[in-house]
Amino acid sequence: MTALTRWRTRRWLRMLALVILAGAAAVVTHQAIRLITHMRDNRTILGLAAGRDLAVADDAAPRLLFARAHFLMTHDQLNDAQHVVDVITRSDDTAMAAAALYDLGNTRLARAIDLLERMAVDAAIPEIRLAKENYRATLRHAPSLWDAKYNLDIALRLIRDFPEIERELEEEPRQTPKRLWTDLPGLPKGLP
């Protein structure tokens, strides 16, 4: 092997080593950034769990958004929590979307039961209806979630879903028969 060939081989090996080192540095940097982001998210989640009101951007990770939504639910800010849950449901994380919807449904159902115990039936009805919607949406994301099925059943027993009768304003109401037994072939005779 001539000196020129050895020099070219060494130069090629050095270039290869630099490319490998650059690739390894990129991988390590990427992992370090992910680790730092993960640690920052964990600190925010712990802060929210401790009761501190920390802001979370709408483009944050779904687990961070879930922690924010849960914080808002436990601090009776359901309108803001609904917005955060809507952001989570638009993400690709169906498991986190199901968990957020289920948590919101539980919060609404607990609020409705509290209102019913205080005999505030009119205020409880919308909460129960919203809880039912949350449980149904949960079951669309996670059809096998038995707890959501069970809680939906409880909410359905509190207020039944009856089909709405839609009438136009110009439409006259149907005439009801004057006699109750017009459709029966005979007259009722009382108890058997």
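Is the stretch 122-130 home to any residue that is out of contact with any Phe, Trp or Tyr (no Cβ under 8 Å at 6 or more places or on another chain), in a helix (DSSP H, G or I) and over 30 Å from residue 160 (Cα atoms)?
Checking the stretch 122-130: not a single residue is out of contact with any Phe, Trp or Tyr (no Cβ under 8 Å at 6 or more places or on another chain), in a helix (DSSP H, G or I) and over 30 Å from residue 160 (Cα atoms).
Check the stretch 135-148 and report whether any residue there is surrounded by fewer than 17 Cβ atoms within 10 Å (Cβ to Cβ), among the polar types (S, T, N, Q), modelled with pLDDT under 95 and assigned to a helix (DSSP H, G or I).
No, that holds for no residue.
Of the residues 44, 37, 29, only one is closer than 21 Å to residue 95 by Cα, part of a helix (DSSP H, G or I) and of a type outside the set (A, V, I, L, M, F, W, C); which?
44
May I ask you to verify whether residue 119 is at positive phi and aliphatic (A, V, I, L, M)?
It is true that residue 119 is at positive phi and aliphatic (A, V, I, L, M).
Can you pull out every residue in the stretch 85-115 that is under 16 Å from residue 142 (Cα atoms), of a type in the set (Gly, Ala, Ser) and surrounded by fewer than 20 Cβ atoms within 10 Å (Cβ to Cβ)?
Passing the criteria: 91, 95.
Output yes when any residue across the stretch 1-15 is outside the structural domain of residue 91 (by TED's automatic domain parsing), polar (S, T, N, Q) and not in a helix (DSSP H, G or I), and no when none is.
Yes: the stretch 1-15 contains one or more residues that are outside the structural domain of residue 91 (by TED's automatic domain parsing), polar (S, T, N, Q) and not in a helix (DSSP H, G or I).
Could you please give the count of residues in the stretch 51-87 that are under 15 Å from the mean Cα position of the chain (by Cα), in a loop (DSSP other than H, G, I, E, B) and among the acidic types (Asp, Glu)?
1
Just to be sure, is residue 88 outside the structural domain of residue 127 (by TED's automatic domain parsing) and on the phi < 0 side of the Ramachandran plot?
No; evaluated as a whole, the condition is false for this residue.
The values are calculated or read from the model by the stated rules, or taken from the named source; none is laboratory data. The model shown is predicted, which means the values in this text are computed figures rather than measured ones. In this analysis, Cβ positions are derived from the backbone assuming ideal geometry, glycine residues included, and neighbour counts consider all displayed protein chains.
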